[in-house]
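The block underneath contains the structure these notes are about, expressed in structure tokens.
Read the figures in this text as sums done on the coordinates, not as results from a lab. The structure presented is a predicted model; accordingly, all values stated were derived computationally and were not measured. Heads up, the Cβs are rebuilt from the backbone with ideal geometry, glycines too, and the neighbour counts pull from every protein chain shown.
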Amino acid sequence: MSDLTLLANQLVWGVLVGVSYSLLAIAFSLIFATSGTVNFATGEFAMVGAYFCYTILSKLGGQVLLAVLLALLGLFAFGMVVERLAFRRLYKLDPILILIATIGISTMLKSLVLIVWGPYSKSLPPLLSTGPISLGPIILMPQNLVLLAVGLGTMIVFHLFMNYTRLGTAMRATAQNVKGASLVGINTARCVNLTWAIGSVIAGIGGILIAFAYNLSIDMGGLIGMKGFASAITGGFGNILASTYGGMVLGVAENLAGGLISFYYKDVIAFGLVVLILFLRPSGLFVAPTQVRKV
Amino acid sequence: MSAILRDRRLTLPAGAALLVVLPLLLRGQEYLLRLCNELLLNVVVILGFLIILGLTKQFSLGQVAFYGIGAYTVALLTASAGWNFFLALPVAGLLAGALAILVGIPCVRFEGPWFALVTFAFAEIVRILMIRWKGVTGGAQGFYNIPRPTLGGVQLTGEFHYIYLFLLVAGVAVALTVHLRLSPLGRLWLAIGDAPHMVAAMGTNVALHRILAFFIGSVLAGLAGGLFAGYATFISPESFTINHTIYFLTILVVGGLESIPGALLSVAVFTLLSNYLLAFYPWDLLLQGLTIVLFMNFLPRGLGSLAARLLGTADSQPRTVAKKA
């Protein structure tokens, strides 16, 4: 394979991984918007979703769509329960306490996955049995195109939901001003609860995409979680469209670096890039540089 | 007699004398001495973490990286470059501190959890380098045969020899942290932790103070790592993962984030428990996570506040900070 072909294939792969990062970035931004905290357990939510999917799929055998839907339904309920039990009491306290509690949740989920599913990595069965298509120098797996479509579709549906439904509007109002939203009759506690549930589902879709593209392991949660957060920062934290672009940039950048420099240093390069962006353009690449509060 | 007991001037010499005598009583009891040594190492790390997370409320998710950098620095300088341990140790602390400044520069000015991301990323980079930079670090197999410290021709060998070295460093760490906590600087740092914008509005350079606190806390972590390398004589990337940061975090949370007596109590409890807890892996991780969540929900200022409430001394309610509307 020539260098150019390698580059092209890494680029395609990067876009696919980038979509998953974007979904996690959206989950980060959504929960941050309504509850004022970064949920460091987002990656673990994604991982739990992927493992749910794995187990249901092995029980149902073959009915992928149903398995994914059931896994996401489980994750929706799971997000609600976690918010209600672990975070409801904390919003009036110092934000750092919520942050610490999310680390507690992420640790619990990581060890639960280890206890329930064991330490060895697992893989999901292939979605399609068709072989790779070659488009000139680029070799495409049809499965990856499906995954890409699902990722992009999720983003579009989420965008429509947030902007064109009553519930989405109520959520945006809650995110902007909790007191104001409750004054106009929005049940803000319920809205916050639902954003955790929806955020978990979106993160879960990201996790399932990654699981189909690579495999499942207990370390995936921490890594894709931080990549998702890093994507949100790369694009512009809190801005959902910018976070989406951020995920793409990060996915492509780390895969190009992995292909050109070294696979082992992929994560080093990705995190290094984020720190550099934070240093040079803290508001993110795709947001006007005025919105970050500094001390 | 009671007047003598109450004389504050005697506290320090009496305490020091007690610390010199106590290990003598434990001489020969290798297991107890080992526990004490572990305890003292943990005290140094936790107090460093307390300065960062407890006082200035900077959520470092990478404390283990500075601990690891200290350990590898001492290993490299003593084993590969032939330095004396006591020369390598301060270098290890300062290197960890210098890297903390570099890590802090991009993120200390921002509100929010950026700091946590950058420190996490840093720790991940450090861990990958420990594994991949085989020629220098020994890779995943670890770094063997780190020489034991020698002082004036005498080599430290048994647990008993180490305890005085560790007592000295931990004692300095406790004294430094207590002094900081009670000094105007420490109060300023607490204020920065609670309300950075108000402090900034009064003309204080908040970013500079955050970096300074991060520097001091990381120097302590680096020193503890260096001591660990000279004590264990073997280190590997396995000892420096995110799970260790979580372990430190759990200890600090149980202690109450900013309470020094609480942190010391919590370190003692966890060091005693840790040997039993390890047998329950991975349930011990679950328990740590659950502990963090429960404490945040029901006792956010930890054992420190519980003690204060029982004694009726200090404010035991969580401080609530006004969030933006």
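Just to confirm my numbers, what's the Cα centroid distance between segment A:1-33 and segment B:126-147 in Å?
Spelled out, the Cα-based centre of one part sits 31 Å from the other.
Using 1/(1 + (r/R0)^6) with R0 = 25 angstrom and r between the beta carbons of B:Tyr276 and B:Ala14, what's the FRET efficiency to the nearest 0.05?
0.15
Could you tell me how far the Cα centroid of segment B:245-269 sits from the Cα centroid of segment A:36-113, in Å?
27 Å
Which residues does the label zone of B:Leu26 cover in segment B:33-77, counting backbone N under 11 Å from a point 7 Å along Cα→Cβ?
Within reach of a label on B:Leu26, which here means backbone N under 11 Å from a point 7 Å along Cα→Cβ, segment B:33-77 contributes B:33-41.
Which residue fluctuates the most in chain A, going by a Gaussian network model with Cα springs under 10 Å, if the choices are A:Ser283, A:Ser123, A:Ser134?
A:Ser134
With charges set only on the Cβ (+1 for Lys and Arg, -1 for Asp and Glu), what does the dipole of chain A come to about its Cα centre, in debye to the nearest 20?
Numbers: 16 positive and 7 negative charges, 187 e Å.
Dipole about the Cα centre, nearest 20: 900 debye.
Fewest first, what order do A:Glu44, B:Glu124, B:Glu38 take by the number of other Cβ atoms within 10 Å?
B:Glu38, B:Glu124, A:Glu44
Among the trypsin sites (Lys or Arg not before Pro) in segment A:115-182, which ones are in a DSSP loop with at most 11 other Cβ atoms within 10 Å of the Cβ? Mind listing them?
Numbers: sites: A:Lys122, A:Arg166, A:Arg172, A:Lys179; in loops: none.
The qualifying sites: there are none.
By count of other Cβ within 10 Å, fewest leading, how are A:Met171, A:Met248, B:Met202 ordered?
Listed from fewest to most nearby Cβ atoms, that is B:Met202, A:Met248, A:Met171.
Please compute the modelled spin-label separation between A:Asp219 and A:Leu260, points set 7 Å along Cα→Cβ, answer in nm with one decimal.
2.5 nm
May I ask you to give the average projected area over all directions of the convex hull of the Cα atoms of segment B:241-316, in nm² rounded to one decimal?
5.0 nm²
Hull surface divided by four, with the convex hull built on the Cα atoms of the protein assembly as shown: how many nm²?
With the hull built on Cα positions only, its mean projection is 31.2 nm².
Evaluated at 10 °C with a viscosity of 1.306 mPa s, what Stokes-Einstein diffusion coefficient in µm²/s does chain A have when Rh comes from the Kirkwood expression over alpha-carbon pairs?
Reported coefficient: 81 µm²/s.
Leaving out same-chain residues fewer than 8 places away, which aspartates and glutamates sit with a Cα under 17 Å from that of A:Lys266?
Cross-link targets: A:Asp219, A:Glu254, B:Glu124.
Would you order A:Thr130, A:Thr244 from fewest to most other beta-carbon atoms within 10 Å of each residue's own beta-carbon? Intermediate results must be reported in sequence, preceding the final value.
Working: A:Thr130 10, A:Thr244 28.
With the sparsest Cβ surroundings first, the list reads A:Thr130, A:Thr244.
Is segment A:1-105 best put as rounded, prolate or oblate by its Cα gyration tensor, with a ≥ b ≥ c the root eigenvalues, rounded for a/c under 1.5, and otherwise prolate when a/b is larger than b/c, oblate when not?
oblate
List every residue whose amide H lies under 5 Å from the amide H of B:Phe143, counting only residues 5 or more places away in sequence or on a different chain, with H placed 1.01 Å from N in the peptide plane.
Long-range HN contacts for B:Phe143: B:Ile235, B:Ser236.
Students often get this wrong, so check it: of A:Lys122/B:Lys134; A:Lys59/A:Lys122; A:Lys110/A:Lys179; A:Lys179/A:Lys227; B:Lys57/B:Lys134, which have C-alpha atoms separated by over 26 Å?
Details: A:Lys122/B:Lys134 29 Å; A:Lys59/A:Lys122 15 Å; A:Lys110/A:Lys179 35 Å; A:Lys179/A:Lys227 33 Å; B:Lys57/B:Lys134 36 Å.
From A:Lys122/B:Lys134; A:Lys59/A:Lys122; A:Lys110/A:Lys179; A:Lys179/A:Lys227; B:Lys57/B:Lys134, over 26 Å: A:Lys122/B:Lys134; A:Lys110/A:Lys179; A:Lys179/A:Lys227; B:Lys57/B:Lys134.
Within 10 Å, count the other beta carbons around each residue, average over each peptide in B:94-102, B:277-285, and list them highest first. Don't skip to the answer; put the middle values down first.
Values: B:94-102: 19.8, B:277-285: 14.2.
Top to bottom by mean Cβ count within 10 Å: B:94-102, B:277-285.
So which chymotrypsin sites (Phe, Trp or Tyr not before Pro) in segment A:196-225 end up in coil per DSSP with only 16 or fewer other C-beta atoms within 10 Å?
The qualifying sites are A:Tyr214.
Starting from the 7 Å offset along Cα-to-Cβ, what nm value, one decimal, do you get for the label separation of A:Arg172 and A:Arg281?
Inter-label distance under the simple model: 2.5 nm.
So if I take the centroid of the Cα atoms in segment B:291-309 and the same for segment A:183-234, what is the distance between those two points in Å?
If you average the Cα positions of each part, the centres end up 29 Å apart.
What percent does the relative contact order of chain B come to when contacts are Cα pairs within less than 8 Å and at least six residues apart?
After rounding, I find 29 percent.
To the nearest 20 debye, what is the magnitude of the charge dipole of the protein assembly as shown about its Cα centre, counting +1 on the Cβ of each Lys and Arg and -1 on the Cβ of each Asp and Glu?
It works out to roughly 1340 debye.
How large is the helix-only mean residue ellipticity at 222 nm for chain A, computed as the sum of -39500 (n - 2.57) over DSSP H runs with n ≥ 4, divided by its residue count, in deg cm²/dmol to the nearest 500?
-24500 deg cm²/dmol
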